[in-house]
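The values are calculated or read from the model by the stated rules, or taken from the named source; none is laboratory data. Nothing here was measured: the structure is a model prediction, and the numbers come from that model. Backbone-built Cβ (ideal geometry, glycine too); neighbour counts: all protein chains shown.
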Amino acid sequence: MDDTALGWWGVPLAVLAGAIRVSTPFLFVSLGECLTEKSGRINLGLEGTLVMGAMSGYAVSYATGNPWLGVLVAGLAGTVFGALHAAICSLDRVNDIAVGIALMLLGTGLAFFLGKPYIQPQAPQLPAIGFGWWSSSQQVRDALQVNALFLIGAVLAPVLLWGLRNTRWGMTLRIVGESAEAARAMGYAVNRTRMLATMAGGFLAGVGGSFLSLHYPGSWNERLSSGQGITAVALVIFARWDPVLCFWAALLFGGAGALGPALQSVGVTQGYYLFNAAPYALTLAIMIATSSARHRLAGAPAELSVTR
Amino acid sequence: MVDRLRLSRRSVLGTMTAAGGLGVLGSALPFAPALAKDLTIGFIYVGPRDDFGYNQAHAEGAAAVRAMAGVKVLEEEKVPETVDVEKTMESMISLDGASLLFPTSFGYFDPHMLKVAKKHKDLVFLHCGGLWTKGKHPDNVGSYFGYIDEAQYLSGIVAGYASKSKKLGFIAAKPIPQVLRNINSFTLGARSVDPTITTSVIFTGDWSMPVKEAEAANSLIGQGVDVLTCHVDSPKVVVETAEKRGVFVTGYHASQAKLAPNGYLTGAEWNWPKVYTDYVKMVQGGVKPPNLVRGGLKEGIVKTSPYGVAVSEKARAHADGVKGQFMAGSFVIYKGPLKDNKGNVVVAAGKEHGQTDIALESMNWLVEGVVGSLG
Amino acid sequence: MPSFLSSLAVPAAALAASLALFGLFVALVGVNPLDVYQLMYTGAFGSWFSWQNTLTRAAPLILTALCTALPAQLGLVIIGGEGALVLGGLAAAAVGLALEGASALIVLPAMGLTGMAAGALLIGAAGALRHGRGVNETIASLLLSYIAVAVLNHMVEGPLKDPASLNKPSTAPLADDYTIGTLPGMDVHWGLVVGVVCAVAAWVLMRRTTFGFAARMVGGNPRAARMAGLPVGRLLIVTTALAGAMAGLAGMVEVAAVHGRANASLIAGYGSTGILVAFLARQNPLAVIPVAILFGGIGASGGLLQRRLGLPDASVLVLQGIIFVTLLASEGLRGRLRLPRLAKQPQEA
């Protein structure tokens, strides 16, 4: 075997590299959703937030020449959507799932509408850091080109876990998510906590979107998101509302997404639609296997509508 | 402003004829005055018209028509291949007075465009990609398409010279005849340079899947592929990924040269401005457009992108030589003996399928040298 | 009566507010809102042609909206209508092809029933998982929908592919006898009638039968319903299956009235717009009809906004999003605005 072709050995390497590349939006959206859900609300609108983040991040990077400014604006756009979600949900008799679907639509529509002028131009991209310097194989070096946002996400996951467990705001968040009544009785501002959690969740989802347009695949168009935002919501359930598990689950989903193309590149072409649907089937299978009609999911916030 | 006034006059006209009953719409009468003044032409796209690809190529054609005298161009983008396109055509006809329609996506043809064309026998419907058949399809319908695989064959030659690893990559949407023909022609072009060259193909499953396309490009590069090409609606992602990873790329649909200043070798492009302005001139001159239009480099329906900086003199000479033969109409791509990639003979020795051969439009095999299989 | 009036007034006010917001939005991008309103009216309801355009687009939306509205009576949020539609269409086409040669009087009902069964299985599975394993029905129906779409793609490009479909992989076309035509004197297919009949039947089922009463009790308070001895599980599974059947029927109608075969064009987003219609109709099966017509009208006018004003196709999405958000907000605000008034009334009396 010559050193330019790894053949079948390239498949696991491609899946690993693909997992790192494809997982970042999953990671950010799921971390954001995790925070929001810990406060007792579900935000299905993160798909719209993701698309809006991708568009606004790209537009700002193009206009200013600074991709990091794009990431920031994408996050801020997400924050605004999060605030809108939380504000509407704080009204009486409003179903948080419905609000999420509405914002998914609005976010996608606005992004498509405002994003028309940015389909053509090329915007400055986020950098990647090479971790493959130790290897003489070009494939290994390419595979280990890790983007900066992935690293930030990888650090963020344990930090969030630690924060949820050990800090004052983490505990407040969890109390609000477990029982709004108890939290109120203890003097915590339930709506404000949820507002902040949803805004933070929106920020992270917006950043996840900017990754799509500013790093991988690295351009803005209307088919950019193929449901990563909504899949990430399912991923949180999969990960049991644990930020570190979200990280591993995001890697798994990313790897599953990379498996199809990797197998095809060595000549296995059959059934690619079914391969592409594998992550959804897997999520469903795990939800079925781990749920129970009698008690709620381990780790699930009691106030969360989807687990009641 | 003048434009808008004229529009409102026409919408009044549309409402009047509609109030007069649908039957009237079928006759040519209400539109005769509009026809004499200016020809209203509707272009319908399946995706966004600035996609650096399929739809943009058509929109560039529409823009050329817009610049002509005595025409009014209507455009609608992102129209799904459902009842939506039927209603879009009807709406262009009854609300805007369109009398010549260009629905540009393959899936518009059967049953949608055929249904509408049967209702409006006095109007002209010209469809991109379909295969008009006498007796089976209405006479006011035409279909046109180009042998873009000629340009893909030339891209294959250029790619064959550029590749060091002798591995090429092709990212395709779906294993349909149009796509397979491009993959095969590209591969045959490359193997005419060096018969040891292989083309690995990845099907993404849909016409626009940016993340899958990028992932496919990276996977192929990871397997040692050093020249990429594609057949998806928007090649932007594939071309940009190739440039980022430092491999060569050949374009498709429109020119993506400016997206990859280093790695862009050449590309297979549509030349719709010529096709559309020709059609419109015919209709304006009172000539009935032919029902079936096919053509390649020679007829000017397709063209190649100018060579990029990385294309060697040898490659240019070889490709230009074959291009000259295409222009003279003397080159045959599908010449026996040809085997598919499972070893079956698909074109027997001594047999030739010229470009106009309809048999090629239902291609369902991958030629020897292609790594991959059909779904 | 006042509650009936206010139940109309709130969506109407939300709609007006949404149109105003949308007007403001287009004004910000430099388009005159009055032009937009006028064109929307012209495109949606301004002529007999426009009305037919609107009604044709409304037909599938009525059925997919019922897919969300029926389970909503039980307090469930189902968003898998898209998948049920495509699976129903696929199954209907397969049956139409398998029975080729038989009388249309047999084949069309068979296609309808198979389409309904396919949709019922998919969404009924979400209901069963909810009841049996406590799996969230919203996420489950969405995941099932993704899987159904993959199955459709796989089947029309694999086992069920007609080689003659060339560049648009599809099943073989149905015989002409097995296609549904248009209503007499109109350019609107029979799917509209199917939708209206189903909506009325769903309303009767939910508002005038014991089954519906029981279902709405479960929706009001599941624990109380269970303690009252209601068969909660059966209600859940039957209602979700019925809901899936509605969307499956929409798929059959699409195949038989529009496409004449099954292919990827079935994935047209009717399922997701249906969710919107159901919520705007406040999950009332009868109200689904006018709301579906309204959304059909928005869709019908979208092309005109593109052609005459140069607005992007996404304008329709933006307007739909604004309507949905405004409506939900107004639902919540209604309680807030009315409470003080209620408190005041006894004092006056």
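Computed quantities for the displayed model
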| quantity | calculated |
| --- | --- |
| Residue in the range A:17-31 that is without any contact (Cβ under 8 Å) to a residue 12 or more places away in the chain and charged (D, E, K, R) present | no |
| Residue match in the range B:270-290 (condition: part of a helix (DSSP H, G or I), within 26 Å of A:W220 (Cβ to Cβ) and modelled with pLDDT of 95 or more) | yes |
| Verdict on B:G129 being within 8 Å of chain C (Cβ to nearest Cβ) and either in contact (Cβ under 8 Å) with a residue 12 or more places away in the chain or in contact with a Leu (Cβ under 6 Å, 6 or more places away or on another chain) (or both) | yes |
| Breaking point among (1) crowded, with 19+ Cβ neighbours inside 10 Å; (2) part of a helix (DSSP H, G or I); (3) away from chain C (no Cβ under 14 Å), for A:R141 | (1) |
| Filtered residue count, the range B:188-230, keeping only those that are within 7 Å of chain A (Cβ to nearest Cβ), of a type in the set (G, A, S) and either in a strand (DSSP E or B) or in contact with a Leu (Cβ under 7 Å, 6 or more places away or on another chain) (or both) | 2 |
| Flag for A:V176 being touching a residue at least 40 places away in the same chain (Cβ under 8 Å), within 14 Å of chain B (Cβ to nearest Cβ), farther than 30 Å from B:D206 by Cβ and assigned to a helix (DSSP H, G or I) | no |
| Qualifying position, being within 23 Å of B:V275 (Cβ to Cβ) and not assigned by TED's automatic domain parsing to the domain that holds B:A162, among B:L360, B:L297 | B:L297 |
| A:F28 vs. criteria of a type outside the set (S, T, Y) and within 30 Å of A:A298 (Cβ to Cβ) | yes |
| Within the range C:30-61, tally of residues that are more than 10 Å from every other protein chain (Cβ to nearest Cβ), under 28 Å from C:A256 (Cβ atoms) and either within 19 Å of the chain's Cα centre (by Cα) or not in a helix (DSSP H, G or I) (or both) | 4 |
| The lone exception for B:V201 - which of (1) in contact with a strand residue (DSSP E or B) (Cβ under 9 Å, 6 or more places away or on another chain); (2) at positive phi it fails | (2) |
| Pair list, Cβ < 8 Å and 6+ apart or interchain, from the range B:162-185 residues that are more than 11 Å from chain C (Cβ to nearest Cβ) and closer than 12 Å to B:Y252 by Cβ to residues that are part of a loop (DSSP other than H, G, I, E, B) and hydroxyl-bearing (S, T, Y) | B:I171/B:T204; B:A172/B:T204 |
| Qualifying positions in the range B:95-147 - of a type in the set (V, I, T) and either in the same structural domain as B:T199 (by TED's automatic domain parsing) or part of a loop (DSSP other than H, G, I, E, B) (or both) | B:T104, B:T133 |
| Candidate set from the range C:104-118 (those that are touching a residue at least 24 places away in the same chain (Cβ under 8 Å) and more than 24 Å from the chain's Cα centre (by Cα)); member that is surrounded by the fewest Cβ atoms within 10 Å (Cβ to Cβ) | C:A104 |
| Single match in B:D50, B:D122 (criterion: without any contact (Cβ under 8 Å) to a residue 24 or more places away in the chain and surrounded by fewer than 24 Cβ atoms within 10 Å (Cβ to Cβ)) | B:D50 |
| Any helices (runs of 4 or more DSSP H) falling wholly within the range A:195-297 and containing at least 1 residues that are free of Cβ contacts under 8 Å to residues at least 60 places away in the same chain, over 30 Å from B:K236 (Cα atoms) and among the hydroxyl-bearing types (S, T, Y) | A:272-290 |
| Residues of the range C:304-335 that turn out to be within 27 Å of B:S94 (Cα to Cα), among the aliphatic types (A, V, I, L, M), at the interface with another protein chain (Cβ under 7 Å from one of its Cβ atoms) and free of Cβ contacts under 8 Å to residues at least 40 places away in the same chain, as a count | 2 |
| Test: residue in the range A:224-236 that is polar (S, T, N, Q), surrounded by fewer than 23 Cβ atoms within 10 Å (Cβ to Cβ) and under 19 Å from the mean Cα position of the chain (by Cα) | yes |
| Residue within the range C:68-78 that is surrounded by 20 or more Cβ atoms within 10 Å (Cβ to Cβ), more than 14 Å from chain A (Cβ to nearest Cβ) and part of a helix (DSSP H, G or I) present | yes |
| Residues that are at the interface with another protein chain (Cβ under 7 Å from one of its Cβ atoms) and closer than 12 Å to C:G299 by Cα, drawn from the range B:70-79 | none |
| Hits in the range A:200-212 - residues which are within 18 Å of A:V80 (Cβ to Cβ) and surrounded by 24 or more Cβ atoms within 10 Å (Cβ to Cβ) | A:G201, A:G202, A:F203, A:L204, A:A205, A:G206, A:V207, A:G208, A:G209, A:S210 |
| Cross-chain or 6+ apart pairs with Cβ under 8 Å, the range A:85-112 first and farther than 16 Å from C:I78 by Cα and within 7 Å of chain C (Cβ to nearest Cβ), then among the aromatic types (F, W, Y) and surrounded by 24 or more Cβ atoms within 10 Å (Cβ to Cβ) | A:L103/A:F81; A:L105/C:F324; A:L106/C:F324 |
| Which listed residue is acidic (D, E), more than 10 Å from chain C (Cβ to nearest Cβ) and within 23 Å of C:F49 (Cβ to Cβ), from B:D84, B:D122 | B:D122 |
| Condition check for A:I20: within 14 Å of chain C (Cβ to nearest Cβ) and either in a helix (DSSP H, G or I) or touching a His at 6+ places or on another chain (Cβ under 6 Å) (or both) | no |
| The one condition in (1) out of contact with any Gly (no Cβ under 8 Å at 6 or more places or on another chain); (2) modelled with pLDDT under 90 that C:G299 fails to fulfil | (2) |
| Residue within the range C:127-137 that is assigned to a loop (DSSP other than H, G, I, E, B) and surrounded by fewer than 23 Cβ atoms within 10 Å (Cβ to Cβ) present | yes |
| Residue ranges of helices (runs of 4 or more DSSP H) in the range C:163-235 with at least 1 members among the polar types (S, T, N, Q) | C:210-220 |
| Matching residues, the range C:138-162, being more than 30 Å from A:R294 (Cα to Cα) and assigned to a helix (DSSP H, G or I) | C:V149, C:A150, C:V151, C:L152, C:N153, C:H154, C:M155, C:V156, C:E157 |
